[in-house]
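Notes to accompany the following structure.
The values are calculated or read from the model by the stated rules, or taken from the named source; none is laboratory data. If you're wondering where the values come from, they're calculated on a predicted model, not measured in any experiment. With ideal geometry, Cβ positions are generated from the backbone for all residues, glycine too; neighbour counts draw on all protein chains shown. The area values use the complete protein model at the heavy-atom level, side chains included, leaving out ligands, DNA and RNA. Shrake-Rupley method; radii C 1.70, N 1.55, O 1.52, S 1.80 Å.
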Amino acid sequence: MIAIIDYGMGNLHSVSKAIERLGYRYEFVSDVEALSHAEGAILPGVGAFGDAMKNLRERGLVEPIRDLAANGKPLLGICLGMQLLFDMSTEHGEHEGLGILPGRVERFQGDYKIPHMGWNRLTFLQANPIFAGVPEGYVYFVHSYFLQPTKENRSVLLATADYYQEVPAVVGKGNVYGMQFHPEKSGAVGMKLLENFTKMCKTARVK
């Protein structure tokens, strides 16, 4: 099955319904043992970075998530879940992240509407299996913080969007992916991206 990691801060319903529509088995997982049996995992997230990391630590899930990624199982972070994959965030102070991917998450700064909320077009930077059959279409964002693109982390940037600056929209390295937008709320483009991820979790498909 595909584990949807439940740590008290994810929009589990919409993500699970999207996975269900694609024909894959899933379980809401909040303990180490169940996560260890998953063929892949999705880390959703809504809320503040520091609170999310606190919840993951209290449930003993930080190291198991790192281990799952290190063992080559597909891992997808969505929205806040993508941000948690990185080294740190400055949301309400400085908070250490999972450190699976390199980078720092910071707040938008400028004389424009924050949060970034609405539909923006993807621009693909690299070819990747996650983009198989996916057009550079529009996806739905809701966020006030974003990964700062740097020379050190440009290799993990797979797609960007434009919101007064370059905004990392899809990141990836090996078996680990992140999407700053909500693919489960992004129509056909988002569903195809989710489908490509779930295909990486081959044995989870419903017979």
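Would you mind getting me the FRET efficiency between Arg66 and Arg107? Use the beta-carbon distance for r and R0 = 25 Å, nearest 0.05. Can you show the working numbers first?
Values: r = 26 Å, r/R0 = 1.03.
Between Arg66 and Arg107 the formula returns 0.45.
Ignoring any ligand, DNA or RNA, what whole percent of the accessible area of the chain comes from carbon and sulfur when the probe is 1.4 angstrom? If you can, show how the numbers build up before the last one.
Values: 4470 of 8990 Å².
In the chain, the share of accessible area belonging to carbon and sulfur is 50 percent.
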### Query
Which three extents, in whole angstrom, do the alpha-carbon atoms of the stretch 2-204 cover along their principal axes, largest first?
46, 39, 30
### Task
State the answer as a single residue: which of Met1, Phe49, Pro115 lies farthest towards the positive end of the charge dipole of the chain, with beta carbon charges of +1 for Lys and Arg and -1 for Asp and Glu, about the Cα centre.
Met1
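What length, rounded to one decimal in nm, is gained on full extension from Thr90 through to Asp31, with 0.36 nm per residue of separation minus their alpha-carbon distance? Can you show the working numbers first?
Numbers: separation 59, 0.36 × 59 = 21.24 nm, distance 2.76 nm.
Roughly 18.5 nm would be gained on extension.
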### Task
Work out the charge dipole of the stretch 1-59 with +1 on the Cβ of Lys and Arg and -1 on the Cβ of Asp and Glu about the Cα centre, then indicate which of Leu12, His37, Tyr26 is farthest towards its positive end.
Leu12
### Message
From the phi angles alone, apply the Karplus equation (6.51, -1.76, 1.60; θ = phi - 60°) to the stretch 91-106 and give each ³J(HN,Hα) in whole Hz, x where the residue is Gly or Pro.
### Response
6, 6, x, 9, 9, 6, x, 6, x, 7, 10, x, x, 10, 9, 9
## Note on the structure
At the level of C-alpha centres, the distance separating the stretch 1-33 and the stretch 135-207, in angstrom, is 17 Å
### Query
Quick one: accessible area per residue over the stretch 2-204, 1.4 Å probe, rounded to a whole number of Å²?
42 Å²
#### Entry: Lys pairs under 23 Å by Cα in the chain, provided they are eight or more residues apart or on distinct chains
20
## Note on the structure
With +1 at each Lys and Arg Cβ and -1 at each Asp and Glu Cβ, the charge dipole magnitude of the chain around its Cα centre, to the nearest 20 debye, comes out at 680 debye
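With contacts defined as alpha carbon pairs under 8 Å and 6 or more residues apart, what's the relative contact order of the stretch 2-204 in percent? Could you put the intermediate results ahead of the total?
On the way: 436 pairs, mean separation 42.2, N = 203.
Dividing the mean separation by the residue count of the stretch 2-204 yields 21 percent.
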### Task
Quick one: what are the phi-derived ³J(HN,Hα) couplings along the stretch 52-66, Karplus 6.51/-1.76/1.60 with θ = phi - 60°, whole Hz, x for glycine and proline?
5, 5, 4, 5, 4, 5, 5, 8, x, 9, 4, 5, x, 5, 4
## Note on the structure
Residue by residue through the stretch 21-26, the couplings from Karplus 6.51 cos²θ - 1.76 cosθ + 1.60 with θ = phi - 60°, in Hz, x for Gly and Pro, are 5, 7, x, 10, 7, 9
### Message
Test of understanding: in a Gaussian network model of the chain with alpha carbons linked when under 10 Å, which of His116, His182, His92 would top the mean-square fluctuation ranking?
### Response
His92
